[in-house]
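The numbers here are math on the coordinates, done by the rules we state, and not lab data. The model shown is predicted, which means the values in this text are computed figures rather than measured ones. Counting neighbours? That spans all protein chains shown, and the Cβs are built from the backbone with ideal geometry, glycine included.
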Amino acid sequence: MRGRKALVRFGVAALAVGIVIALAGCSSGATTKGTTGGTAKKLKIALLLPETKTARYETQDRPLFEKKVKALDPNIEILYSNANQDAAQQQSQADAALTNGANVLVLDPVDSASAASIVAKAAAKKVPVISYDRLILKANVDYYVSFDNEKVGVLQGQALLDKLTADGKAGKAVVFINGSPTDNNATLFKKGAHSILDGKVTIGAEYDTPDWSPDQAQTEMDQAITKLGKDGFVGVLAANDGTGGGAIAAMKGAGIDPKTRPVTGQDAELAGIQRILLGDQYMTIYKAIKLEAEATAELAVALAQGKPVPSTMSLTKVNNGTKDVDSILLKPVAVTKDTIKSTVVADGFWKTSDILNTPELKAAGAAVGLQ
Ligand code: BGC
């Protein structure tokens, strides 16, 4: 498998190997392949994603998941919805999916806490729930598939600290632009970053960004610049490429050259990779979404069909406040200008031709061996 080879190449292996669990007891009552007038009942999997402002969901997660489900079982129907960062809308979308006879919910929650009520409704209908990318807290979730999210924050913090140290700027003020306070991942990214940077830099200003909105991040950075002054900070710990892009736009608007202030990111979004090549953003985190989406698809199809978890799948445990959830945690990878080629390009996440779409980018790419 291409994905597996890529994994080995970067050491992006599923983390702890543990218990491989036969799912016998966990299959949904709704998966009965009952016949109505001789016709087999169509199995349905609901994919509920949280937002559209971050590029990954519509351009990576959704198509990769749908493709894998179709490859495994062309007869399965996928009920797709995107909540546009609105937790109440996600509740209605989940209700609709359950009413429409979904046999499995794959849920990436807008709000990690309030999504527990969706899990309760699904459980009442014996429909299993896979917590996708973000952990649903205090709920009887069946599975969790994600990355080591605290490690994401550690990698961001370490890359920023190393860069500031190399430039003789450690100890000075850094602006923290964290993610959405309702996303458990944002809590973990923040925790990881603070574990590296606390005591090594000064925290000049810090914000949680409602809805992970890049516009909000820009406003927060405007406020930080007003508070600290144009020369009052040396770098920005931004939780993802969207918020990093907002922070960079604010700096440019204030007449600050972002090349002089390292900014972190996450998702290896095309715009983020291009900013890194041009020097406006310092780093991003590459998460092999293909592996995440495909593992989830395999799990969801097995659950829908009432089959055991594929024996090749190794699970670890993550506690969500209610139980130790059987989980797959993949490994995030830090990317800077010099490693774009050996990570996102080598793994087929982006083609060189996608990245180098202006003369300026072509020149910047050539300087790091990308052409
Ligand atoms: C995801 C990130 C994403 C962010 C904003 C997080 O839960 O892990 O990849 O950038 O949400 O949607």
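A helix-only calculation puts the chain at -11500 deg cm²/dmol for mean residue ellipticity at 222 nm, using -39500 (n - 2.57) for each DSSP H run of at least four residues, averaged over all residues.
Let me know the whole percent of all Cα-Cα pairs from segment 239-341 that are separated by more than 17 Å. The share of Cα pairs beyond 17 Å in segment 239-341 comes to 62 percent. Directionally averaged projected area (segment 41-101, Cα convex hull): 4.0 nm². Between residue 165 and residue 342, the FRET efficiency estimated from the beta carbon spacing at R0 = 25 angstrom works out to 0.60.
For segment 190-306, go through all pairs of different Cα atoms, get the mean of 1/r, take its inverse, and jot down that Kirkwood value in Å. Working shown, then result.
Values: mean 1/r = 0.0644 Å⁻¹.
One decimal place: 15.5 Å for the Kirkwood radius.
Loop-located chymotrypsin sites (Phe, Trp or Tyr not before Pro) in segment 154-258 (DSSP state not H, G, I, E or B) with no more than 12 neighbouring Cβ atoms inside 10 Å do not occur. With θ taken as phi - 60° and the Karplus curve 6.51 cos²θ - 1.76 cosθ + 1.60 applied, the whole-hertz 3J(HN,Hα) list for segment 196-210 is 8, 8, 4, x, 9, 9, 9, 8, x, 7, 9, 9, 9, 9, x Hz, x standing for glycine and proline.
Only four residue types carry charge here, +1 at the Cβ of Lys and Arg and -1 at the Cβ of Asp and Glu. Report the dipole size of segment 31-134 about the Cα centre in Debye, rounded to the nearest 20. Walk me through the intermediate numbers first.
Values: 14 positive and 11 negative charges, 97 e Å.
I would put it at about 460 debye.
Toward the positive end of the charge dipole of segment 188-270, with +1 on the Cβ of Lys and Arg and -1 on the Cβ of Asp and Glu, the farthest Cα among 194, 217, 250 is that of 194. From the alpha carbon centroid of segment 267-314 to that of segment 180-199 is 20 Å. Give the calculated FRET efficiency between residue 42 and residue 367 to the nearest 0.05, with a Förster radius of 45 Å applied to their Cβ-Cβ distance. Efficiency computed from Cβ-Cβ geometry: 0.25. Number of Lys-Lys pairs in segment 116-254 with C-alpha atoms under 19 Å apart and a separation of 8 or more places or on different chains: 20.
Considering the convex hull of the alpha carbon atoms of segment 90-236, report its projected area averaged over all viewing directions, in nm², one decimal.
On the way: hull surface 38.1 nm².
Seen from a random direction, the Cα hull of segment 90-236 projects 9.5 nm² on average.
Listed by chain and number, the aspartates and glutamates placed with their C-alpha closer than 19 angstrom to that of residue 44 are 61, 66, 73, 77, 95, 108, 142, 294, 298; residues fewer than eight positions away on the same chain are left out. For the pair residue 215 and residue 257, a Förster radius of 25 Å applied to the C-beta separation gives a FRET efficiency near 0.70, rounded to the nearest 0.05.
If each residue of separation counts as 0.36 nm, what is the full-extension length gain between residue 271 and residue 206 once their alpha-carbon separation is subtracted?
Values: separation 65, 0.36 × 65 = 23.40 nm, distance 2.40 nm.
Between residue 271 and residue 206, full extension yields an extra 21.0 nm.
Rounding to the nearest 20 debye, state how big the charge dipole of segment 100-178 is about its Cα centre with +1 on each Lys and Arg Cβ and -1 on each Asp and Glu Cβ. Working shown, then result.
Details: 9 positive and 8 negative charges, 41 e Å.
Rounded to the nearest 20 debye, it is 200 debye.
Here the Debye sum runs over all C-alpha atoms of segment 221-290 as equal scatterers in vacuum, and log10 of I(q)/I(0) at q = 0.13, 0.14, 0.26 Å⁻¹ comes out as -0.33, -0.38, -1.12.
Could you grab the Rg to Rh ratio for the chain? Cα atoms only, Kirkwood for Rh.
Here the Rg-to-Rh quotient is 1.00.
Let me spell out the model: positive unit charges on the Cβ of Lys and Arg, negative unit charges on the Cβ of Asp and Glu, origin at the Cα centre of segment 175-278. What dipole size does that give, in debye rounded to 20?
Values: 9 positive and 13 negative charges, 82 e Å.
Roughly 400 debye, rounded to the nearest 20.
Using only Cα coordinates, the Kirkwood hydrodynamic radius of segment 172-215 works out to 10.9 Å.
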